[in-house]
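Undergrad: Below you will find the structure I want to go over with you.
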Amino acid sequence: MRIARWASLLVAVALLPGLARAETVVKIGAALSMTGPAAAYGAQQKAGILAAVEQINKSGTLKGVKLEAVVEDDGSTKEQGIAVFQRFINKDKVAAIIGPTLSNTAYATNPLAQAAGVPVVAVSNTAPKGITDIGEWIWRVSLTEAQVIPGALKAAQQKLGFKSAGVLYGNDDAFTQGGYAVMKSALEAMGVKTVGTQTFAKPDRDYNAQLTQLLAQKPDILVVSALVENASGIVAQARQLGYQGPILGGNGFNSPKLIENAGKAAEGVLVGTAWNKVSGEKGNQDYLALMKAKGHEPDQFCTQAYVGVEVIAEAIRLSGKGTREGVKAGFLKLKGLVTPLGKFSFQQNRDGDHAPAVQVVKDGKFQIMQ
Ligand code: 1QQ
């Protein structure tokens, strides 16, 4: 009897350190396009988020806090995005939300988080206007088209020396429209003549009429603002029509799906990117090694989503609080965080700030243009 009592006391003492280390679970909601026209991006984003949560929990940097990702499908639509945000805000009571995948969805969902005081981290919204403008709870890791495209066009022009452009863009999506506006003004600023402008919509699969009209004007370059499913078809059909010149795309092109779908036609396609995947900086090299060990080949969307979790974790560390207010307070302090995207900071308007790069499809792969 006495021995049994001693034994139970010993067990209790042995358990004490475990109890003292009891961890608070901090939930991060991720509204990602797992279905619909942006599904190619969502799959990569999910991989990045899960890898980052696992890595941060393992590292022990957030003492007493365990991150937990709650991933839901926004369906690439506003309606589903709104339903997911409502669940995150009211039912899961998340400390922060990553997503939604499309800018088009973000315009509809983010006002809900702003009203409820829940921090949102956009990791793939690149429409220049109207995202972080929604309010002080909306932050963005992904560089906008305005931060990437003018530089990409200039770098491409230095290499290729084009003087005229044919422009094609999706007219039913906030990102493709926003990207188009940036392309138009960048071309004008460079003195490149736009010889024709054509549009399409997300459900379209045949672009022959638009391309035939554009190519009749003999542009030196085709400049395209499209999500990847449309982008792949446009690139393939332009080559089928005999066009051999350069094609420059916006952020929608930044998916390996473009090369998978368009095959050889994608060779020579140029695209500005937020991620210099060959960067030798430690933040990037450590990340590449981690993803390699997981057997996952990351794209830009995976990497930005990974950084989305990293900035939330850093904000919790800086404020010492895993709450909604704590995350926001930490964002205000965050500066020069070492990430796979390079040293990351938020600008005053809550948009992200780090160096972009330009890539070109060569030998069936995105290669960084040096
Ligand atoms: C946006 C985008 C899309 C291409 C990627 C998800 O950048 O909607 O803003």
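The values are calculated or read from the model by the stated rules, or taken from the named source; none is laboratory data. This is a predicted model, so every value here is computed, not measured. Note: ideal-geometry Cβ built from the backbone for every residue, glycine included; neighbour counts use all protein chains shown. Please note that ligands, DNA and RNA were not included when accessible areas were found on the heavy atoms of the full protein model with its side chains. Shrake-Rupley method; radii C 1.70, N 1.55, O 1.52, S 1.80 Å.
Undergrad: Full-extension gain between LYS193 and LYS335, please, as 0.36 nm times their residue separation minus the C-alpha to C-alpha distance.
TA: Gain on stretching LYS193 to LYS335: 47.1 nm.
Undergrad: Given the -39500 (n - 2.57) contribution per DSSP H run of 4+ residues, what per-residue ellipticity at 222 nm results for the chain, rounded to the nearest 500 deg cm²/dmol?
TA: -14500 deg cm²/dmol
Undergrad: What accessible area per residue comes out for the range 146-273, rounded to a whole number of Å², with a 1.4 Å probe?
TA: 39
Undergrad: Beyond 22 Å, what share of the Cα-Cα pairs of the range 287-370 is found? Please give it as a whole percent.
TA: Tail of P(r) above 22 Å: 37 percent of Cα pairs.
Undergrad: What's the extension gain from GLU297 to ALA83 if we count 0.36 nm per residue and subtract their Cα-Cα distance?
TA: This chain segment gains 74.0 nm when fully extended.
Undergrad: In the range 228-327, if every C-alpha pair distance is counted and binned at 10 Å from zero, what percent goes to each bin?
TA: Histogramming the range 228-327 at 10 Å steps yields 13, 33, 27, 17, 7, 2 percent.
Undergrad: Rounded to whole Å and sorted largest first, what semi-axes of the equivalent ellipsoid does the C-alpha gyration tensor of the chain yield via the square root of 5 times each eigenvalue?
TA: 43, 20, 18
Undergrad: Roughly what % of DSSP beta bridges within the chain run antiparallel, to the nearest 5?
TA: Looking only at bridges with both residues in the chain, the antiparallel portion is about 30 percent.
Undergrad: Considering only DSSP states other than H, G, I, E and B, which trypsin sites (Lys or Arg not before Pro) in the range 205-260 qualify as loop sites with at most 12 other Cβ atoms within 10 Å?
TA: Passing sites in the range 205-260 are ARG205.
Undergrad: Can I ask one more? When N is the residue count of the range 163-233, what does its C-alpha Rg come to as a fraction of 2.2 N^0.38 Å? It would help to have the intermediate numbers written out before the result.
TA: Numbers: Rg = 11.5 Å, N = 71, 2.2 N^0.38 = 11.1 Å.
That ratio works out to 1.04.
Undergrad: Between LEU160 and ASN57, what is 0.36 nm times their sequence separation minus the Cα-Cα distance? Round to one decimal in nm.
TA: Here the answer is 32.4 nm.
Undergrad: Report the relative contact order of the chain, percent, no decimals, based on alpha-carbon pairs under 8 angstrom and at least 6 residues apart.
TA: Answer for the chain is 18 percent.
Undergrad: Quick one: pull the percent of accessible area on the chain belonging to carbon and sulfur, 1.4 Å probe, ligands and nucleic acids left out.
TA: 54
Undergrad: Let me ask another. Which residues among the range 172-197 fall inside the zone where the amide N is under 12 Å from a point 7 Å beyond the Cα of GLN213, along Cα→Cβ?
TA: In the range 172-197, the label zone of GLN213 (backbone N under 12 Å from the point 7 Å along Cα→Cβ) covers 196-197.
Undergrad: Moving to a separate point now. Starting with the highest mean, order 104-113, 225-234, 89-98, 151-160 by the number of other Cβ atoms within 10 Å, averaged over the residues of each peptide.
TA: 225-234, 104-113, 89-98, 151-160
Undergrad: How long, wide and thick is the range 146-273, going by the Cα atoms along their three principal axes, in whole angstroms, largest first?
TA: So the three principal-axis extents are 32, 28, 24 Å.
Undergrad: Ok, one more. Along the Cα→Cβ direction, 7 angstrom out, place labels at GLU267 and LYS93. What is the inter-label distance in nm?
TA: Label-label distance for GLU267 and LYS93, simple model: 5.9 nm.
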